[in-house]
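J.: I'd like to ask you about the structure that follows.
The values are calculated or read from the model by the stated rules, or taken from the named source; none is laboratory data. Just so it is clear, the structure is predicted and the values come from calculations on it, not from any experiment. Glycine also receives a Cβ, built like all others from the backbone with ideal geometry; neighbour counts cover every protein chain displayed. Heavy atoms of the whole protein, side chains included, go into the accessibility calculation; ligands, DNA and RNA do not. Shrake-Rupley method; radii C 1.70, N 1.55, O 1.52, S 1.80 Å.
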Amino acid sequence: MNNEERPTAHDAEDDPRNRDIKIYVNGELVPRERAVVSVYDSGFMLGDGMWEGLRLYNGRWAFLEDHMDRLFDSCRAVSLDIGMTREEIAEALAKTAEANGMTGDAHCRLMVTRGIKARPFQHPSLSRSGPTIVIIMEHSRPVDRMEGPGIRLATVPQVRGLPHAQDAKFNSHSKLNCVIACLQAEAAGADEALMLDPHGFVNTTNSCNFFIVRRGEVWTSTGDYCMNGVTRGKVIEVCRANGIPVFEKNYSLYEAYGAQEAFLTGTFGAQTPVVSIDGKAIGDGTAGPMTRRIRALYKELVRAETAG
Ligand SMILES: Cc1ncc(COP(=O)(O)O)c(C=O)c1O
């Protein structure tokens, strides 16, 4: 748990081995305390970069191709040349995992920025070094929240914007929009923020995607204003494959408050139960039956995907 014992969607058991991990920085594996980038790096200066969170099971990265699709699409959309092929990135991931002796229970943050700037200003042409590529891999066993405590959400004033402002589909280094939302949720006494879209429909949370369960149906937002999470896609896929009615649709807080279950999705924690929205209880404080079923189906999908 974090310092204030407040649950978040990214809590993991403390693992002292993480103090001595090796971090990949532009092809070099360096001890954590020496893993640094330039203060002129465009990721540091502007949040001008893209990242992926991946999870290692049984020596394999779950849904690697989906993550690579998103990374390459995102970088292409902002003219950020990764300078490596998918295969080379997979090799860098393998090299980092090997250097850290990791084959499972590991989470990776793969980051690509536009690189070092010649001068400390915004213009992308000032980034002339080539990209900065960093891979942080940590031993990571997420805290199991299925039996509680689940996450308390508060709806916040900060919304996910229209795609022609900053498209929420980008997993960009700059997460200021989400950070502001999370601060607002904390100020409201909650753990994470439930964010609406520009039309007032329920959209997503500051760091995960959001689902509700109503009368045996699973609902999530249309996907037009949120990061289209890989886990979100897989939850929809397992529902469809197993005859669970699932809908990507507009719905409001009216329906969210009346849901029988709600849960978050993300690579880090898979599925995380939500126990309240704006102080209104959802379910009985633990994961509901549909959340548990989806969790089991997702685990099975991961197992099949990462089988040896
Ligand atoms: C804002 C946001 N939403 C959702 C997600 C979950 O995405 P995924 O399921 O691909 O991990 C993330 C994770 O990167 C995120 O940053």
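J.: So Gln184 ticks every box in (1) outside any loop (DSSP other than H, G, I, E, B); (2) modelled with pLDDT under 95 but one. Which box is left unticked?
T.: Single failed check for Gln184: (2).
Per-residue answers, yes or no, for (1) within 16 Å of the ligand (Cβ to nearest atom); (2) under 20 Å from the mean Cα position of the chain (by Cα):
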| site | (1), (2) |
| --- | --- |
| Arg6 | no, yes |
| Lys22 | no, no |
| Arg32 | no, no |
| Val36 | no, no |
| Cys75 | yes, yes |
| Thr85 | no, no |
| Ala90 | no, yes |
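J.: Out of the residues in region 116-163 that are part of a helix (DSSP H, G or I) and either more than 22 Å from the chain's Cα centre (by Cα) or closer than 25 Å to Ala188 by Cα (or both), state the one that is nearest to the ligand (Cβ to nearest atom). Quick ask: steps written out before the conclusion?
T.: Just the residues of region 116-163 that are part of a helix (DSSP H, G or I), to begin with: 124-126, 163.
Next, only the ones that are either more than 22 Å from the chain's Cα centre (by Cα) or closer than 25 Å to Ala188 by Cα (or both) stay: 124-126.
On the way: Pro124: 23, Ser125: 28, Leu126: 27 Å.
Result: Pro124.
J.: Taking the stated definitions as given, is Ile294 in contact (Cβ under 8 Å) with a residue 40 or more places away in the chain, among the hydrophobic types (A, V, I, L, M, F, W, C), in a loop (DSSP other than H, G, I, E, B) and surrounded by 14 or more Cβ atoms within 10 Å (Cβ to Cβ)? Before the answer, list the steps.
T.: Working: in contact (Cβ under 8 Å) with a residue 40 or more places away in the chain: yes; among the hydrophobic types (A, V, I, L, M, F, W, C): yes; in a loop (DSSP other than H, G, I, E, B): no; surrounded by 14 or more Cβ atoms within 10 Å (Cβ to Cβ): yes.
No: the conditions fail for Ile294.
J.: Another one. Can you pull out every residue in region 10-58 that is of a type in the set (A, V, I, L, M), out of contact with any Cys (no Cβ under 9 Å at 6 or more places or on another chain) and part of a strand (DSSP E or B)?
T.: Ala12, Ile23, Val25, Leu29, Val30
J.: Take the residues in region 190-216 that are more than 14 Å from the ligand (Cβ to nearest atom) and of a type outside the set (A, V, I, L, M, F, W, C), then tell me which one is surrounded by the fewest Cβ atoms within 10 Å (Cβ to Cβ).
T.: Arg215
J.: Of the conditions (1) assigned to a strand (DSSP E or B); (2) open to solvent by 10 Å² or more (accessible area, probe 1.4 Å); (3) within 15 Å of the ligand (Cβ to nearest atom), Trp219 fails just one. Which one is it?
T.: Only one criterion in (1) assigned to a strand (DSSP E or B); (2) open to solvent by 10 Å² or more (accessible area, probe 1.4 Å); (3) within 15 Å of the ligand (Cβ to nearest atom) is unmet by Trp219, namely (3).
J.: Residue pairs, Cβ under 8 Å, 6 or more apart or interchain, first in region 200-214 and touching a residue at least 12 places away in the same chain (Cβ under 8 Å) and of a type in the set (A, V, I, L, M), second part of a strand (DSSP E or B) and open to solvent by 10 Å² or more (accessible area, probe 1.4 Å). List them.
T.: Partner pairs satisfying both residue conditions: Val202/Leu196; Ile212/Trp219; Ile212/Glu261; Val213/Trp219; Val213/Glu261.
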